[in-house]
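Working notes, beginning with the structure itself.
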Amino acid sequence: PRFPYMIAALAIGSIVAAILNNRYGQGVTNISSVGALPASLPPLSAPDLSLDTIRQLAPVAIAATLLALTEAVSIARALAARSGQRLDGNQEFLGQGLSNIVGSFFSSYVATGSFNRSGVNYDAGARTPLAAAFAGVSLMGIVIVVAPYAYLLPNAAMAGILFMVAWGLIDFHHIKHILRASRSETGILATTFFSTLFLELELAIMLGVMLSLIVYLSRTSRPQVLPRVPNPADPKRAFTTDSSLETCPQFKIIRIDGSLFFGAIDYVEQRLQAIAPEKHLLVVAKGINFVDLEGAELLAKESERRRKAGGRLYLYEVKDKVCSMLHRTSLIKSIGDENIFNSKTRALDFIVNGHLDHDICRNCQYRVFNECKKLAADSADT
């Protein structure tokens, strides 16, 4: 078993404080203590579930819940990084909710995690959630027996233990990685760090989370929209982003890497109009993981716009989740099932041979696609 060095440190600190106070007096030493705690358990209670009470407490309860869950997840991630364990956020949220439901029958405050308590628990050897359960049961007995003697415990001794625990929770290794890898994440780190010095801990955590969300939304709202052309040096004519290669004057290929949601619609629409003015457009949708209603409407709108110009919108390598969204919203009618492909060869054959202006193709000098060469050969034979 591990030596209970924290309890020993508190005991030694209490003895030293008592000796100094007895010799010089508390008025001279100014050593403050935790103070005596009530030696009783909280009374049983029944939560008031009336509509008026719910209406009054709902805003405060939601705010407290957000703070509690954010703090608990932050603590859990810090300890998971030290222990190498996998964190299940959903299980953490479920546990927090159940603990508050049960606590409402025992006159409890909002239950959440604590950096100091969790850190002390981990340093003492705890490795499973049962440690918190045993700590809670043990605390009920300790409060009744030890609470009157808490006046002997100096705040300085408690502060020393908490500082030591907090120092052990700092992940210097990942901080170095953040400072080297990303300016935005370095800004979040610095803002959160200094906020903890000048603001309340809960507010500092919420500020850090909000900044993280802002950075995340900023990144996801600008997905990559890059043109693609067949690589003539590749036997399979794989698509590449080489801007030095020639492109078809009638037909453009682009790839979108990122989700099409309401926050990214304006940016994607601007990029499509800027880099793909051609009538026909093939979108490589392999990198589109998610499409919301606004994103589906964007694809339908783009399809209608190109139809009016005499062209079409085609989709290649569309994920099942994206296809399902298009069918559920009936916006697939604007795009057309016949314009969605899983095969590059079939897509290019369908577009080049079936929908491009062959008069332009015969006089084209670029011959971007293999199908273009076939058209030129057929024209020469005739």
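I need the full set of residues from the range 350-370 which are modelled with pLDDT under 85, open to solvent by 30 Å² or more (accessible area, probe 1.4 Å) and assigned to a helix (DSSP H, G or I), in order please.
HIS358, ASP359, ILE360, ARG362, ASN363, ASN370, listed by residue number.
Mind checking which residues of the range 62-79 are surrounded by 14 or more Cβ atoms within 10 Å (Cβ to Cβ) and among the small types (Gly, Ala, Ser)?
Answer for the range 62-79, where residues must be surrounded by 14 or more Cβ atoms within 10 Å (Cβ to Cβ) and among the small types (Gly, Ala, Ser): ALA64, ALA68, ALA72, SER74, ALA76, ALA78.
Name the residues in the range 349-371 that are out of contact with any Leu (no Cβ under 7 Å at 6 or more places or on another chain) and touching a residue at least 60 places away in the same chain (Cβ under 8 Å), would you?
Within the range 349-371, VAL352, HIS355, LEU356, ASP357, ILE360, CYS364, TYR366, VAL368, ASN370 qualify.
Among the residues of the range 98-115, is any in a helix (DSSP H, G or I), under 23 Å from HIS174 (Cα atoms) and out of contact with any Lys or Arg (no Cβ under 9 Å at 6 or more places or on another chain)?
yes
Could you list, in sequence order, all residues of the range 238-251 that are in contact (Cβ under 8 Å) with a residue 24 or more places away in the chain, in contact with an Asp or Glu (Cβ under 9 Å, 6 or more places away or on another chain) and open to solvent by 30 Å² or more (accessible area, probe 1.4 Å)?
THR247, PRO249
Can you spot a residue in the range 270-284 that is β-branched (Val, Ile, Thr), in contact (Cβ under 8 Å) with a residue 60 or more places away in the chain and open to solvent by less than 80 Å² (accessible area, probe 1.4 Å)?
For the range 270-284, residues β-branched (Val, Ile, Thr), in contact (Cβ under 8 Å) with a residue 60 or more places away in the chain and open to solvent by less than 80 Å² (accessible area, probe 1.4 Å): absent.
Which members of the range 277-301 meet the condition of being within 32 Å of the chain's Cα centre (by Cα) and hydrophobic (A, V, I, L, M, F, W, C)?
Those that are within 32 Å of the chain's Cα centre (by Cα) and hydrophobic (A, V, I, L, M, F, W, C): LEU282, VAL283, VAL284, ALA285, ILE288, PHE290, VAL291, LEU293, ALA296, LEU298, LEU299, ALA300.
Among ASP234, ASP266, which is the only one that is open to solvent by less than 90 Å² (accessible area, probe 1.4 Å) and not basic (Lys, Arg)?
Working: ASP266 fails: open to solvent by less than 90 Å² (accessible area, probe 1.4 Å).
After ruling out the rest, the residue left standing is ASP234.
Scan the range 116-133 for residues that are exposed (fewer than 13 other Cβ atoms within 10 Å of the Cβ) and not polar (S, T, N, Q) and jot them down.
Within the range 116-133, GLY125, ARG127, PRO129, LEU130, ALA133 qualify.
Tell me, please, whether a residue that is buried (at least 16 other Cβ atoms within 10 Å of the Cβ), in contact with a helix residue (DSSP H, G or I) (Cβ under 8 Å, 6 or more places away or on another chain) and of a type outside the set (A, V, I, L, M, F, W, C) can be found in the range 82-96.
Yes, the conditions are met somewhere in the range 82-96.
So how many residues does the range 302-331 have that are touching a residue at least 12 places away in the same chain (Cβ under 8 Å) and either within 34 Å of the chain's Cα centre (by Cα) or open to solvent by 30 Å² or more (accessible area, probe 1.4 Å) (or both)?
20
Is it the case that some residue within the range 108-115 is open to solvent by 90 Å² or more (accessible area, probe 1.4 Å) and either touching a Ser or Thr at 6+ places or on another chain (Cβ under 7 Å) or farther than 27 Å from PRO38 by Cα (or both)?
no
Within the range 141-153, identify whether any single residue is out of contact with any strand residue (DSSP E or B) (no Cβ under 7 Å at 6 or more places or on another chain), assigned to a helix (DSSP H, G or I) and over 25 Å from SER32 (Cβ atoms), and answer yes or no. Explain how you work it out, then say what you get.
Taking the range 141-153 as the starting set, the residues that turn out to be out of contact with any strand residue (DSSP E or B) (no Cβ under 7 Å at 6 or more places or on another chain) are 141-150.
From what is left, the residues that are assigned to a helix (DSSP H, G or I) are 141-150.
Filter again for over 25 Å from SER32 (Cβ atoms), leaving 141.
Scanning the range 141-153 turns up at least one residue that is out of contact with any strand residue (DSSP E or B) (no Cβ under 7 Å at 6 or more places or on another chain), assigned to a helix (DSSP H, G or I) and over 25 Å from SER32 (Cβ atoms).
Please state which one of GLY258, GLY295 is at positive phi and open to solvent by less than 30 Å² (accessible area, probe 1.4 Å).
GLY258
Failed condition for ASN90, given (1) within 22 Å of GLU202 (Cα to Cα); (2) touching a residue at least 24 places away in the same chain (Cβ under 8 Å), with all others met?
ASN90 satisfies all of (1) within 22 Å of GLU202 (Cα to Cα); (2) touching a residue at least 24 places away in the same chain (Cβ under 8 Å) except (2).
The values are calculated or read from the model by the stated rules, or taken from the named source; none is laboratory data. Only a predicted model underlies this, so the values are computations on that prediction, with no experimental measurement involved. Because the Cβ atoms are built from the backbone with ideal geometry, glycine has one as well, and the counts that use them run over all protein chains shown. Calculation scope for accessible area: heavy atoms of the full protein, side chains included, ligands and nucleic acids excluded. Shrake-Rupley method; radii C 1.70, N 1.55, O 1.52, S 1.80 Å.
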